[in-house]
Amino acid sequence: MALLPLRIFRKRPSFQIVRARRAAYVFSIAAIVAAIAATLSIGLNLGIDFRGGALIEARFQAPPSIPELRGRLDGLGLGEITVQEFGEPTDVLIRVQRQEGAVEDQTAAITAIKDALGDGAVARRTEFIGPTVGDELKEAGAIAVALSLLGIVAYVWFRFEWQFAIAGVAALAHDVAITIGLFAVTGWEFNLATIAALLTIAGYSINDTVVVFDRVRENLRKYKQEPLASLINRSINDTLSRTVMTSLTTLLALAALAVFGGEIIRGFTYALIWGIAIGTYSSIFVAACLLLNMRDIRQTARPAADDALPDATEG
C-alpha cells in the first residue's frame, strides 16, 4: 500500500514574508514593551516554589477524590493550595503558600490541613520552604534561563557566524519575554515548571530557527548573485512547510495535555502552547529577517534588495 505524502502546501510556497518584516517588527516590539510593562506593573503570580510555603505528603487508606480534597482544603482560607497524586494512588502531595506571620502561623496552617484530611490519612512527610529558599530558587531559575540563552548563542555562533547568533538570540529573547508577559497578564502561577517550559520553548524555537539558518547558508552558496532579501525569502519558503507541520503536530499533543493532563500541569502546558506558537512566528518573521540588517552576511548584497523581491522567489 503506497503512503500518501502529508503536505501543508501542494507546491513550494512563495509568500513575500520579507516584505512583511517591518509590520512584524512593529508587532514584536509592541508585544515586548507590553510584556515588560505588564510584568513590572502587575507582577508575576509566583508559586510556592518561589514564595515559600509548606509541603505535606499524605497517604490515605483508599485513593481519595482529588477535586473533592482540593475543594475541602481551599475552604480553609490559607491561600494558594495545590493537590496532586504522588506515587501510589493513595498518596497525595499538598503544597500551601507561606502564611503571613511567625513560625506559629505556619505550624497552625499545617495542623489545619492535617485535620482537614480526616482520620483516614497519615502525614508521612512535612516540609517548610522558607523565603530564603524561595529567593535561591528564583535566582537559580534566572541563571538557568540566562545560561541556556548564552549556550544557544555559542552554538549558533560556532555553527554559523556571529550575525546568525545575534539574530537567533534576539528571536529567543523575544519569545521568552512575551511568554513571561503572558503570565503577568493572565495571572497564571509562575513556578519551577514555568522555568522548565521557558527552557523548552527556547530549545524548540532555536531548533526551528537553525533549520531556516541552515537553508539560508546553503542558498548563499547556491545563489551567489541573488539579492539577499530575495534569498532569505526563498529560504524561509523552502522550510515553511516543515516549520508549520512540526508546530501543528506538537500543538496537537499539547492540546491533548491541556484537556486531559489535569490542573497540575495546565500552566506548564499553556506556556508551551503559547511559546511554540510565538516561537514559530519568530522563526518565520523575525530571526531570518534580522539578517538583512547585518550586511556583513554577504558582501555582494545590493542595498536596494530589501524592498525589491524579484521573481527569484518563485519556483
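Here, each number is a calculation from the coordinates, and none is a lab measurement. Computed from a predicted model, the values in this text were never measured in an experiment. In this analysis, Cβ positions are derived from the backbone assuming ideal geometry, glycine residues included, and neighbour counts consider all displayed protein chains.
Structure notes:
- Projected label distance in nm at residue 255 and residue 170, using a 7 Å step from Cα toward the beta-carbon: 3.3
- Peptides ranked, highest mean first, by Cβ atoms within 10 Å: ranges 34-43, 48-57: 48-57, 34-43
- Measuring between their Cα centroids, the range 17-53 and the range 167-229 lie 14 Å from each other.
- Cut-off 14 Å between beta-carbons: net charge of the residues surrounding residue 279, Lys and Arg +1, Asp and Glu -1: -2
- The distance between label points at residue 186 and residue 86 comes to 2.6 nm (points 7 Å beyond Cα on the Cα→Cβ vector).
- Among 192-199, 168-175, 105-112, the order from most to least packed when residues are scored by Cβ within 10 Å on average: 168-175, 192-199, 105-112
- With the highest mean first, a sort of the peptides 279-286, 140-147, 203-210 on other beta-carbon atoms found within 10 angstrom per residue produces 279-286, 203-210, 140-147.
- Calculated FRET value between residue 135 and residue 158, using beta carbons and R₀ = 45 Å, to 0.05: 0.85
- Between residue 30 and residue 142, the simple spin-label model (points 7 angstrom out along Cα→Cβ) gives 3.0 nm.
- Extended-chain gain in nm, criterion 0.36 nm per residue less alpha-carbon gap, residue 124 and residue 68: 18.1 nm
- Computed helical MRE - 222 nm, the chain, DSSP H runs ≥ 4 contributing -39500 (n - 2.57), nearest 500: -20000 deg cm²/dmol
- Kirkwood Rh, Cα atoms: Rg over Rh of the chain: 1.10
- At least 30 Å along the helix axis (C-alpha) and Kyte average at least 0.0, DSSP helices within the chain: 131-159, 162-186, 192-222, 228-260
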